[in-house]
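What follows is a short report on a single structure.
Each value in this text was obtained by applying a stated rule to the coordinates, not by laboratory testing. Quantities reported herein were computed from a predicted structural model and do not represent experimental measurements. Cβ placement follows ideal geometry from the backbone for every residue including glycine, while neighbour counts extend to all protein chains displayed.
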Amino acid sequence: MSMTLPQFAQPLSFDRLQQIVVVNGAIGRLLMACFLGALVGLQREIKRKAAGVRTNLLICMGSAFFTLLSAVLAGDANPDKGRVASNIVQGIGFLGAGLILHNRSRVSGLTSAASVFVVASIGMACGAGLYAAAAVAAIIVIAALEVVGFLERNANIKMYPLLYEVRGSDQTRMMESILEAMDNAGQRLASVDRDAIGEMQRVSFSLTATKKEHERLRGKLLDNPGIAKLFTFRDPEED
């Protein structure tokens, strides 16, 4: 026996027009949640973060659906129509905690966890029919992730990790050059990886610093004759 969404949501009798209005309203809210969640997820996907388009889309749509079902399951006689929706906050909190990792001497994943948390709130707003508020919130989230992050780096406020890869023919001389450059920059060298490919020696290390400090260290390393080539890469664990 088939059961449509309006029959499940409202066991009372409906005429056809009322059913169409209820179904279209629910579908519109879910689709809006999917769109806004995917929009935030796209920014995270471009930055190659763990929580990408699919994750944010599903979280946003799920939060909207739970918000819809919260009032439906409570029924007309029950004044507590937000009981199911209130548990979304706790559930998303556990999900976000799984994204936070302690790596070496720093913590990563805080921004990803916060973005998942706020995407759930956007989904709840969509489920409640607050489209304008949800859209504005999504724009603010994207601006905070993209624009504010860019300004933090270029204003020399935010510290971020970079992976340095130094190449040359004499590994001992390269290590001495790296230590000298790090000492002059007032930085501590830690977690060094060394390997060799044929005659080419390679030394890799990670450093968390501001943009100016990275530029200063890069200049000192490039000026050292013991270093033939220098490459820098964004740390994949950066949030």
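Points worth noting:
- Cβ-to-Cβ counts within 10 Å put Met124, Met174, Met182 in ascending order as Met182, Met174, Met124, the fewest first.
- Sequentially through the stretch 148-153, phi angles give Karplus couplings (6.51, -1.76, 1.60; θ = phi - 60°) of 5, x, 5, 5, 4, 5 Hz, Gly and Pro residues having no value and appearing as x.
- If R0 is 41 Å, the Cβ-Cβ spacing of Arg194 and Leu110 corresponds to a FRET efficiency of close to 0.85.
- Amide H contacts of Ala209: Tyr160, Leu162, each under 5 Å away and 5 or more positions distant or on a separate chain (H built 1.01 Å from N in the peptide plane; Pro and chain starts excluded).
- Model label zone, Thr210; criterion: amide N under 15 Å from point 7 Å along Cα-to-beta-carbon; scope the stretch 129-172: 151-161
- Taking the stretch 192-212 and a reference point 7 angstrom along Cα→Cβ of Leu179, the backbone N atoms nearer than 14 Å belong to 192.
- Cα gyration tensor, the stretch 159-239 - rounded (a/c under 1.5), prolate or oblate: oblate
- Spin-label model, Ile157 to Phe117: label points 7 Å out along the Cα-to-beta-carbon direction sit 1.9 nm apart.
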